Amino acid sequence: MGEECIHGLDYGLCDACFPKAMPEVPVVTVAKTRVTRPRAMSLTAPRRPSNSGSLTTPLMDVTDQRLYHVTHVTNLPAILSAGLIFADASPSWTERPSVDISSAETRESRRTIVVSDNDDTSVASYVPFFLTPTSSVWASVRENVADPRLSAAIKESAASDFVILVSSVKSVLDAHAAASPDGDESPGAVVVSDGDATHSLTRFATTREAGDRVLRKLRTEEEPVQVLAAEYLVRDSVPFELVTLIGVANDKARDRVKAIVKEAGLKTRVAVYPPWFQRAE
């Protein structure tokens with residue numbers, strides 16, 4: 001058996017080839033009892049420790065968390081030519097993106113909001129990744145709805161005009177560790193936000209320990225609304241070699257992107273995955 005399905009995705013990832021079966025619910029007769037449902041907990045609310053094995057249960061490994069960076073397909077050739085995905089405020093830009101997803105107001109806000117009181121590094125100094133392909137801002141693009149975070153140019157584009165560059169927390173952390181003399185990422189090199197980076201109530205985790213803690217909370221919330229807006233931020237730039245998959249909407253887009261990738265001399269996998277680009281049902 002191969003490593004990927006006909007859509008180019010890893011086995012088990014594609015909902016089209018591997019639809020999730022409905023769980024079988026056994027019918028049993030029980031005496032009537034009062035059921036108390038646990039309340040959903042917010043990111044700011046402290047969690048109650050478990051009474052069973054809480055001191056011995058290993059912490060959840062969040063390095064397998066996938067990261068998603070959305071860009072217009074016309075921006076892809078410049079990214080591949082540079083071999084890097086640049087942050088908005090990176091001094092290494094030689095040519096700005098052909099199509100800017102963010103509105104001017106959003107750009108200005110991200111350039112003024114700092115992620116830590118220890119320095120004046122702004123959100124714009126980081127390459128943004130979402131934690132889910134159904135993030136709220138990307139949903140606005142897919143639904144073609146008005147969103148102050150989006151530029152006017154987006155209204156003229158269909159969701160199929162975009163690509164989703166997929167990496168992972170492990171890939172980013174390993175790359176930073178390899179580039180660091182002491183074998184670890186430098187403080188502030190990676191930041192995790194627990195919501196939209198421009199929101200006044202959003203908090204930023206600037207250390208590995210704090211970032212892992214936020215990711216665990218986002219992955220275990222019963223109603224993970226904040227994960228739709230949360231961001232994984234990588235300072236200055238991200239090597240394109242950390243991108244393991246380029247998600248596209250259809251076969252036409254796949255052929256176009258494959259040609260761009262081939263012309264750049266790369267072999268990055270390109271996969272058609274319509275659910276990432278369709279309107280929400």
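Bear in mind these aren't lab numbers, they're just calculated from the coordinates by the rules spelled out. Quick caveat: nothing in here was measured; it's all calculated off a predicted structure. We place every Cβ from the backbone using ideal geometry, glycine too, and count neighbours over all the protein chains shown.
Tabulated data
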{"quantity": "Protection proxy ranking of 87-97, 267-277 - average other beta-carbon atoms within 10 Å, highest first", "calculated": "267-277, 87-97"}
{"quantity": "In nm, spacing of pseudo-spin labels at Ala210 and Ala104 (7 Å Cα→C-beta vector)", "calculated": "3.4"}
{"quantity": "FRET efficiency, Asp64 to Ala152 (Cβ-Cβ, R0 35 Å, nearest 0.05)", "calculated": "0.40"}
{"quantity": "Per-residue Cβ neighbour rank within 10 angstrom, fewest leading, Thr220, Thr121", "calculated": "Thr220, Thr121"}
{"quantity": "Full-extension gain in nm, Val225 to Ser90, via 0.36 nm per residue minus C-alpha separation", "calculated": "45.6 nm"}
{"quantity": "Rg and Dmax of region 159-281, Cα atoms only, in Å", "calculated": "16.8, 49"}
{"quantity": "With eigenvalues of the C-alpha gyration tensor scaled by 5 and rooted, region 66-276, Å", "calculated": "25, 21, 17"}
{"quantity": "Lys267/Ser140 FRET efficiency (R0 45 Å; Cβ-Cβ; nearest 0.05)", "calculated": "0.85"}
